[in-house]
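Read-outs: derived from the displayed coordinates by stated rules, not from any lab. The shown structure was predicted, so the numbers you read here are calculated from the model rather than taken from an experiment. Note: ideal-geometry Cβ built from the backbone for every residue, glycine included; neighbour counts use all protein chains shown.
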Amino acid sequence: MRARYKGWWTWWGLSGAVMAATAVMVAGPVSTARAAEPVPGDRSVGSGAPVEAAEIRAVVVLVVLEDPRPGAAKFPEALVDEVEAALARVYQVEVRRLARRPLPRSAFRVQRKRYRADDLLAYLATQVPAGMPARTRVLGLTTADISTTREPFKDWGVFGLGELDGTAAMVSSHRLRRKVRDAAQVRARVVNTAVHELGHVLGLDHCEEPRCVMLDAQGGIANTDESSGEPGPACQAKLDRVSPLRPAMLRSAQ
Ligand SMILES: [Zn+2]
Ligand SMILES: [Zn+2]
C-alpha cells in the first residue's frame with residue numbers, strides 16, 4: 001500500500017526508505033480572518049458572504065475526524081475556522097468543509113493507543129465527495145495521537161503527515177498541546193502545521209529558508225513556534241510552478 005504514495009513526509013522526518021529532510025518551522029502572527037483576502041472588485045466584499053477569488057490553486061476539503069473514545073477532547077470549531085482562513089489566505093485555495101465524522105476504527109492501533117496516520121490519509125482520500133474538481137485535496141484534523149514509521153521506529157508519534165504532491169494530509173493537535181504558553185500558541189501551532197502539511201500535498205518539500213513554513217520541525221517544536229506561517233520566496237516560487245493559480249470557474253458547483 002505504501003507504494004501507492006510518492007512520499008510520506010512528517011514534521012519529524014520522512015518515513016520508510018525516504019531520507020529525512022531538515023528545516024525550521026516558524027510561528028509568526030496567525031491570521032484569524034474568516035475568509036480569503038478580499039479581491040478588488042469582488043462582488044461579495046462587504047456583503048458578509050464568503051469571498052470568492054477569481055483564481056484558486058485548488059479545492060481543499062477540510063474535515064474533523066473526531067476521537068470516539070469516551071472523554072476525548074473535541075477539536076474546537078473556531079480553530080477549524082482559523083485553519084480554513086489560513087489555507088485560503090496562504091495558498092489561495094478554496095476550502096470546502098465536510099461534517100465531522102469519527103476516526104475510522106481500522107486505523108486504530110491498540111498496542112500504543114494511537115491512530116495510524118498513513119491509514120488516515122488513505123481513508124481521507126475516500127471522503128472527497130463526488131463531483132468535486134479533479135485534483136481536489138483533503139486535510140483532516142484530529143485531537144487524537146497519530147503516528148507513522150520513522151526508521152528504526154515503527155510507531156513514531158507525529159504532529160502531522162502529508163502526501164507529497166498527492167491528495168491527503170492529516171494534522172493532530174495531540175502533541176501540539178504540550179508545553180504551551182497559552183491557548184493562542186496551540187492554535188498557532190495547529191494552523192502552521194496545517195499550512196505545512198497542505199504545502200506537501202501541493203508539491204512542496206522541506207526547505208531551509210529562514211522561518212519558512214516548510215522547514216522540518218527536526219523532532220522539536222521550536223521551528224514551528226518561530227515560523228512565519230507562510231512559504232518563503234523559494235517555496236512560493238515553486239508553489240507557483242507546481243500548483244499554479246487557475247480560473248476559479250473550475251470550482252465545483254456544489
Ligand atoms: Zn513536513
Ligand atoms: Zn521554504
Spacing of the two label points (7 Å from each Cα toward its C-beta) at ALA183 and PHE153, in nm = 3.0
Hey, quick one: spin label on LYS113, modelled 7 Å out along Cα-Cβ, who in the range 51-88 has an amide N within reach, i.e. under 14 Å?
-> 68-73
Pop out the ³J(HN,Hα) list for the range 192-197 in order, Karplus 6.51 cos²θ - 1.76 cosθ + 1.60 with θ = phi - 60°, rounded to Hz; leave Gly and Pro as x.
-> 5, 5, 5, 5, 4, 5
Per the Debye formula with a single identical scatterer at each Cα and no solvent contribution, what log10 I(q)/I(0) holds for the range 130-254 at q = 0.11, 0.13 Å⁻¹?
-> -0.41, -0.57
Which whole-angstrom value gives the distance between the alpha carbon centres of the range 231-248 and the range 187-217?
-> 14
Taking amide H positions as placed 1.01 Å from N in the peptide plane, with prolines and chain starts having none, which residues 5 or more places from VAL61, or on another chain, fall under 5 Å of its amide H?
-> ARG96, ARG137, VAL138, LEU139
Which whole number in µm²/s is D for the range 56-134 by Stokes-Einstein, with the Kirkwood Rh taken over Cα pairs at 37 °C and 0.692 mPa s?
-> 233
Given charges at beta-carbon only (K, R positive; D, E negative), |dipole| of the range 101-202 in Debye = 500
